[in-house]
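FYI, it's all coordinate maths here, none of it is from the lab. Not measured: the values here are computed from a predicted model. Cβ coordinates were reconstructed from backbone atoms using ideal geometry, including for glycine residues, and neighbour counts include every protein chain displayed.
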Amino acid sequence: MVNATKGLFISCDIPMAQFIVNLNATMPASQKFIIRVLDSTHLFVQPNVADMIKNAIADFREQNSYEKPT
């Protein structure tokens, strides 16, 4: 018998995958969203967290961007 799970496949570089894994680790057990870490650059997550991940990445990039002084 086959068990199928609906999810979202994420392909990214290693640092971004680690960021997403760390984000998942900070969540309470009932809100963890990673279904499976496939390898160092591919993750399978619950489909309803796509916007939350995008927003967390955008916030992280905003906090870590460099603006040249005028």
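Taking every DSSP helix (H) stretch of at least 4 residues in the chain, weighting each as -39,500 (n - 2.57) and dividing the sum by the residue count yields a mean residue ellipticity at 222 nm of -12000 deg cm²/dmol. Semi-axes of the equivalent ellipsoid for the chain, computed as √(5λ) from the eigenvalues of its C-alpha gyration tensor and ordered from largest down, come to 28, 13, 10 Å. Give me the angle, in degrees from 0 to 90, between the Cα long axis of helix 14-25 and the longest principal axis of the Cα atoms of the chain, rounded to the nearest 10. Compared with the principal axis, the helix lies near 70 degrees.
Normalised by the number of residues in the range 14-61, the average gap of Cα pairs under 8 Å and 6 or more apart makes the relative contact order 28 percent.
Summing Cβ point charges (Lys, Arg +1; Asp, Glu -1) relative to the Cα centre of the chain gives a dipole of roughly 200 debye. Working from Cα positions, state the angle (0 to 90°, nearest 10) between the long axis of helix 50-63 and the longest principal axis of the chain. Its long axis makes an angle of about 20 degrees.
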